[in-house]
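Data block below; observations after.
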Amino acid sequence: MNDTVATTPTTGTELLDQVRQAWADVLDLDTGDQVPDDVNFLEAGGSSLLLIMLWEELEPLTERTLKVSDLFQHSTVRAQAALLADTSGAEERLTELGARNRGGLLGRARRDQSVSE
């Protein structure tokens with residue numbers, strides 16, 4: 001496998017190219033040109049083990065914390081490039097919002113339980 005450059009790309013096109021090349025490296029393809037932008041990693045010939053190898057290639061390309069589960073949720077080259085480019089903290093805000101919603105649901109469930117007792 002080739003080592004992916006450990007700097008954050010300056011353009012979306014450059015990032016897309018680097019994600020394509022990482023896929024090509026992991027999938028043992030000759031060039032990134034052979035990688036489709038909108039096909040799921042598993043459908044392109046990947047596996048769970050190869051996804052972990054892909055994570056190792058992509059993680060240095062972003063300033064955010066990248067989890068393997070992020071790659072399952074963003075499973076195409078285009079989606080992964082967008083994920084890596086997002087440095088706005090949107091993922092953290094979604095996590096915080098989800099925690100608040102769970103708290104609201106737990107509060108309602110506790111109120112419902114005390115009313116029924």
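The values are calculated or read from the model by the stated rules, or taken from the named source; none is laboratory data. Because the structure is predicted, anything quoted here is derived from the model rather than measured. Backbone-built Cβ (ideal geometry, glycine too); neighbour counts: all protein chains shown. With ligands, DNA and RNA removed, areas are computed over all heavy atoms of the protein, side chains included. Shrake-Rupley method; radii C 1.70, N 1.55, O 1.52, S 1.80 Å.
Are any residues in the range 17-28 farther than 24 Å from Asp86 by Cα and either assigned to a helix (DSSP H, G or I) or open to solvent by 60 Å² or more (accessible area, probe 1.4 Å) (or both), and if so, which ones? The one that is farther than 24 Å from Asp86 by Cα and either assigned to a helix (DSSP H, G or I) or open to solvent by 60 Å² or more (accessible area, probe 1.4 Å) (or both): Asp28.
Out of Val26, Val39, one residue alone is modelled with pLDDT of 90 or more and in contact with an Asp or Glu (Cβ under 9 Å, 6 or more places away or on another chain). It is Val26. Contact annotation: residue pairs with Cβ atoms under 9 Å, 6 or more positions apart or on different chains, pairing a residue in the range 34-47 that is of a type in the set (D, E, K, R) and surrounded by 12 or more Cβ atoms within 10 Å (Cβ to Cβ) with a partner that is at pLDDT 95 or above and in a loop (DSSP other than H, G, I, E, B), are Asp37/Thr76.
Of all the residues in the range 48-68, those that are open to solvent by 60 Å² or more (accessible area, probe 1.4 Å) and not acidic (Asp, Glu) number 6. Residues in the range 47-61 that are out of contact with any helix residue (DSSP H, G or I) (no Cβ under 7 Å at 6 or more places or on another chain), assigned to a helix (DSSP H, G or I) and under 15 Å from His74 (Cα atoms): Ser48, Glu59.
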